[in-house]
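The values are calculated or read from the model by the stated rules, or taken from the named source; none is laboratory data. Since the model is a prediction, treat every value here as computed from it, not as a measurement. We place every Cβ from the backbone using ideal geometry, glycine too, and count neighbours over all the protein chains shown.
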Amino acid sequence: MNPVIPSLKPLLENLSYVFTDEDRIKEIAPILAKEELRLPEWNEPVFIQDKYEKVVDFFFIGNSINFKYWMKEDGIETFETYYKGIQASAFGMWGCLKRALDNKIPVLDANFLAELSRSAAAKIFRGNVEIPMLDERVKILNEVGRALLEKYDGHFYNLVEETNKRAFSEDDEKGIVDLLVNNFPSFNDISPYKTHVLKFYKRAQLTVGMLYDKLREKFEIKDVDELTVFADYQLPRSLRRLGVIKCVDSLERKILNKELIEKDSKEEQEIRANTIYACDLLVKEINKYRKPKINALHLDYKLWSDAEFGEWKEPYHLTITTAY
């Protein structure tokens, strides 16, 4: 069972800054139900097309460092790179990994990652500017390399083999998300709230979701419908625009004025918690109006794409974090 939404209940029962408009969800659900709401295939040139094991390792390693690409406190300048003549903006980090593999740099090798230096990483992730939080990314890749060597014979696909095609543990069956958050510190996306621990698990769930999208029947996940959306910068932006989540005036001003919102502050926690909760309600409401039914992966890609590639440019909230 996915522990994310149950863990958020204490916060959702004591909201101060962000609220989910359930009437608005009921209003827009039949409209969204008529849209395509497809799953992505991740076939862009920055993603590898290779044998199963290599693709699995690529997406796990990439998602271990898949966070924060905006540069300055105003959030305007973002990290970009060029891959084979294509400007990779949203996918800049992935383009760097693919470029490294093309140049025979073994970025999927656990021994290489365990010993990766800052200078070597700076060359791998070169772009229009130095990739944000490079030191944190190097530390994570070192940790990933060491943990893979110690526990999984150097490969994430061995972690997958320990599970019974599940994202979350059940009875004696291990889940991919649980193994990630328990064995790789950077995937353990949690936040303290009073005496509780809020669990968001953004990048751990995203890894499972992307591989499910990419490999389809080769990466069967029995409990895929238990995944939540991936609480990041862009989804709250889409939900605010749709009127599904609403911020109090003081927080809305901070977002519009591009002021930093502290990691683990109640404001940030409520943004992320309402994103997950509202989308869970929205998926259930949409499914009243369509067949075949959708899950969180369909809605997540719709909301993320609208925010990332849409023409509207309302700001997203700015929080310095490795979680998303």
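Answer yes or no: is there a residue in segment 88-102 that is surrounded by fewer than 20 Cβ atoms within 10 Å (Cβ to Cβ), touching a strand residue (DSSP E or B) at 6+ places or on another chain (Cβ under 8 Å) and not charged (D, E, K, R).
Yes - at least one qualifying residue is present in segment 88-102.
Among the residues of segment 24-56, what is the count of those that are within 30 Å of Leu101 (Cβ to Cβ) and in a helix (DSSP H, G or I)?
Number of matching residues: 5.
Just checking, how many residues over segment 277-292 are over 19 Å from the mean Cα position of the chain (by Cα), over 12 Å from Pro30 (Cα atoms) and in contact (Cβ under 8 Å) with a residue 24 or more places away in the chain?
The total comes to 1.
Return the residues of segment 111-142 that are closer than 12 Å to Ile65 by Cβ and touching a Leu at 6+ places or on another chain (Cβ under 9 Å); say none if nothing qualifies.
Within segment 111-142, Leu113, Leu116, Ala121, Ile124, Phe125, Val138, Leu141, Asn142 qualify.
Residues in segment 306-317: is at least one among the hydrophobic types (A, V, I, L, M, F, W, C) and surrounded by 21 or more Cβ atoms within 10 Å (Cβ to Cβ)?
The answer is yes; a qualifying residue exists.
With the checklist (1) within 21 Å of the chain's Cα centre (by Cα); (2) on the phi < 0 side of the Ramachandran plot in hand, flag the one item Met133 doesn't pass.
(2)
Filter segment 204-263 for residues that are among the polar types (S, T, N, Q) and farther than 26 Å from Phe60 by Cβ; which is modelled with the lowest pLDDT?
Here the residue is Asn257.
Of the conditions (1) under 20 Å from the mean Cα position of the chain (by Cα); (2) touching a residue at least 60 places away in the same chain (Cβ under 8 Å), Val138 satisfies every one except a single condition; which number is it?
Only one criterion in (1) under 20 Å from the mean Cα position of the chain (by Cα); (2) touching a residue at least 60 places away in the same chain (Cβ under 8 Å) is unmet by Val138, namely (2).
Since Val160 meets every condition but one in (1) surrounded by fewer than 16 Cβ atoms within 10 Å (Cβ to Cβ); (2) in contact (Cβ under 8 Å) with a residue 12 or more places away in the chain; (3) under 23 Å from Asp50 (Cβ atoms), which condition does it not meet?
Tallying (1) surrounded by fewer than 16 Cβ atoms within 10 Å (Cβ to Cβ); (2) in contact (Cβ under 8 Å) with a residue 12 or more places away in the chain; (3) under 23 Å from Asp50 (Cβ atoms), Val160 fails exactly one: (1).
Among the residues of segment 122-137, write down those that are out of contact with any strand residue (DSSP E or B) (no Cβ under 9 Å at 6 or more places or on another chain) and either polar (S, T, N, Q) or crowded, with 22+ Cβ neighbours inside 10 Å (or both).
Arg137 - this is the single residue of segment 122-137 that is out of contact with any strand residue (DSSP E or B) (no Cβ under 9 Å at 6 or more places or on another chain) and either polar (S, T, N, Q) or crowded, with 22+ Cβ neighbours inside 10 Å (or both).
Answer with yes or no whether Ile76 is exposed (fewer than 14 other Cβ atoms within 10 Å of the Cβ) and β-branched (Val, Ile, Thr).
So Ile76 passes the test.
Anything in segment 8-25 that is hydroxyl-bearing (Ser, Thr, Tyr) and exposed (fewer than 15 other Cβ atoms within 10 Å of the Cβ)? List them, or say none.
The answer is Ser16, and nothing else.
Filter segment 26-44 down to residues that are among the acidic types (Asp, Glu), surrounded by 14 or more Cβ atoms within 10 Å (Cβ to Cβ) and in contact (Cβ under 8 Å) with a residue 40 or more places away in the chain, then give me how many there are.
Adding up the residues that qualify gives 1.
Can you pull out the residues in segment 226-260 that are out of contact with any strand residue (DSSP E or B) (no Cβ under 9 Å at 6 or more places or on another chain) and β-branched (Val, Ile, Thr)?
Thr228, Val229
Starting from residues that are of a type in the set (Asp, Glu) and at pLDDT 95 or above, keep the ones in segment 45-73 and report whichever is surrounded by the most Cβ atoms within 10 Å (Cβ to Cβ).
The extreme case among them is Asp57.
Against the conditions (1) in contact with a Leu (Cβ under 8 Å, 6 or more places away or on another chain); (2) under 13 Å from Ile61 (Cβ atoms); (3) among the acidic types (Asp, Glu), where does Glu162 fall short? Just the number, please.
It fails just one condition, (2).
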